[in-house]
Amino acid sequence: MYPFMRLAKVMWQAKRNSPVHITDKSEISFSCRPWDLDIFNEMNNGRVLTLYDLGRTELGIRCGLMKTLAKKRWALVVAGSSVRYRKRIHMFHKVKMYSQCVGWDDKWLYVEQSMWVDGKPCSSVLIRAGVTSKKGLVSPNELLEAMNEPVNTPILPQWVTEWIDSEQHRPWPPIGQ
């Protein structure tokens, strides 16, 4: 089930925290609960991705993205992700999550997120996100203009550009039946 109570808490706290720029790093904290676990008593991989949604929501509220989306009747979409799992998260572990938009290109925003327990990284994800309207994809430049932000496109880190390039070589549609 979707963590609606956690979402409500994140939204409530984000509205009370100071504003940030879309490229600033934001942070949320939570504990791993019994309903987050898989059969091996560690945080379920699917739940990790769902909780990363909350981190992007918090960043989106604090940087004004969510307000702009509502005003323009735009929506967010995840168009790709790459996840690394390196350390197990167990029940009642206190988790810190960091979220940051590391840059954009002509179509997509790239968001890096990570989860940490006791100062050690447990997982990270790179998200390719887009903004959509009834007319289709909204460019990051148009989004930033609507947010009254300067459209200074940051240079994407090399590891992000390499991931973007590798995704171009992945077959689509996938091999089927």
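Scan segment 89-117 residue by residue and report those that are outside any strand (DSSP E or B) and touching a Cys at 6+ places or on another chain (Cβ under 7 Å). 89, 90, 91, 92, 93 - these are the residues of segment 89-117 that are outside any strand (DSSP E or B) and touching a Cys at 6+ places or on another chain (Cβ under 7 Å).
Scanning segment 118-135 for residues that are open to solvent by 30 Å² or more (accessible area, probe 1.4 Å) and part of a strand (DSSP E or B) yields 120, 121, 124, 132, 133.
List every residue pair whose Cβ atoms sit under 8 Å apart, with the two residues 6 or more apart in sequence or on different chains, where the first one lies in segment 41-62 and is over 18 Å from residue 111 (Cα atoms) and the second, anywhere, is β-branched (Val, Ile, Thr). Final answer for the pair search is 42/89; 43/89; 45/83.
Selection within segment 136-156: residues that are in contact (Cβ under 8 Å) with a residue 60 or more places away in the chain and in a helix (DSSP H, G or I). The member of this set that is most open to solvent (accessible area, probe 1.4 Å) is 146. Scanning segment 14-40 for residues that are free of Cβ contacts under 8 Å to residues at least 60 places away in the same chain, part of a loop (DSSP other than H, G, I, E, B) and not aromatic (Phe, Trp, Tyr) gives 17, 18, 19, 20, 33, 38, 39.
The values are calculated or read from the model by the stated rules, or taken from the named source; none is laboratory data. Computed from a predicted structure; not experimentally measured. Heads up, the Cβs are rebuilt from the backbone with ideal geometry, glycines too, and the neighbour counts pull from every protein chain shown. These accessible areas exclude ligands, DNA and RNA; they are computed on the full protein's heavy atoms, side chains included. Shrake-Rupley method; radii C 1.70, N 1.55, O 1.52, S 1.80 Å.
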